[in-house]
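Student: This structure is in C-alpha cells; I'll ask about it shortly.
The values are calculated or read from the model by the stated rules, or taken from the named source; none is laboratory data. Keep in mind that this is a model prediction, so the values were computed, not measured. Methodologically, a virtual Cβ is constructed for each residue, glycine included, from the backbone with ideal geometry; neighbour enumeration extends over all protein chains shown.
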Amino acid sequence: MFRKKAAKIVSDGNRGFTLVEVLIASVIFAVGVLAVASMQTSAFKGNTTASEITKSSGRAANILENFLAANYSALATGSLPDEDGYSISWTVTEDPGTNSFKTIKVNIEWVDTSGMERETVFKLIRAKAEG
C-alpha cells in the first residue's frame, strides 16, 4: 500500500501579505491620491485668479501709459465701457496747494470665477512740465 505523502509547505518566514494589510495599504494610498487631487483643484483656482489679476494689471498699466503720453491739461476723470467683465474707471485730482501735479488713480473691478469681487488699483503722480 502506497500512501501519498502530504505536501509539506516549506516556511521560511515569507508568508506574503494578509488581506487586512492589503486593505490598510489601499486606504492609505486612496487618502494620498485624494490629497493630491485636492491640491490640483486649489492650484487650478489659484492660477485662474492670478491670470485675472495679471489681465487687470496689464489694462491698468496701459491706461497709465496713455496718461503719461497725454497732454497734462487734457487729463480728466473717466471710465471705459465694461470690457470682458472688467469695470474700468479712473479719477484725476490736482494738487490743491500748488497745482503742479495730478494724481491719477485707475480702478479695475471684476467678479472672479468663484463669484468673489476683485479690484486692482494703480496710482500715478504726474508732474506739470515746466516751460
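Student: Out of A35, A60, report the one residue that is free of Cβ contacts under 8 Å to residues at least 24 places away in the same chain and aliphatic (A, V, I, L, M).
Tutor: A35
Student: Please give the number of the condition L34 fails out of (1) at pLDDT 90 or above; (2) surrounded by 13 or more Cβ atoms within 10 Å (Cβ to Cβ).
Tutor: (2)
Student: Quick one: is S87 modelled with pLDDT of 90 or more and of a type in the set (S, T, N, Q)?
Tutor: For S87, the condition - modelled with pLDDT of 90 or more and of a type in the set (S, T, N, Q) - is met.
Student: Here is a further query. When you look at K128, is it over 25 Å from the mean Cα position of the chain (by Cα), modelled with pLDDT under 90 and either of a type in the set (K, R) or closer than 30 Å to S42 by Cα (or both), yes or no?
Tutor: Yes, satisfied.
Student: Determine whether the stretch 108-120 contains at least one residue that is more than 29 Å from the chain's Cα centre (by Cα) and not in a helix (DSSP H, G or I).
Tutor: no
Student: For the stretch 118-131, state whether one or more residues are surrounded by 14 or more Cβ atoms within 10 Å (Cβ to Cβ) and of a type in the set (F, W, Y).
Tutor: Yes: one or more hits.
Residue-wise test of (1) at pLDDT below 90; (2) part of a helix (DSSP H, G or I).
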| position | (1), (2) |
| --- | --- |
| F17 | yes, no |
| L23 | no, yes |
| A30 | no, yes |
| A43 | no, yes |
| N47 | no, yes |
| S73 | yes, yes |
| D82 | yes, no |
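Student: Given the conditions (1) touching a Lys or Arg at 6+ places or on another chain (Cβ under 9 Å); (2) under 23 Å from A127 (Cα atoms); (3) outside any loop (DSSP other than H, G, I, E, B); (4) of a type in the set (S, T, N, Q), report the number of the one that S56 does not fulfil.
Tutor: (2)
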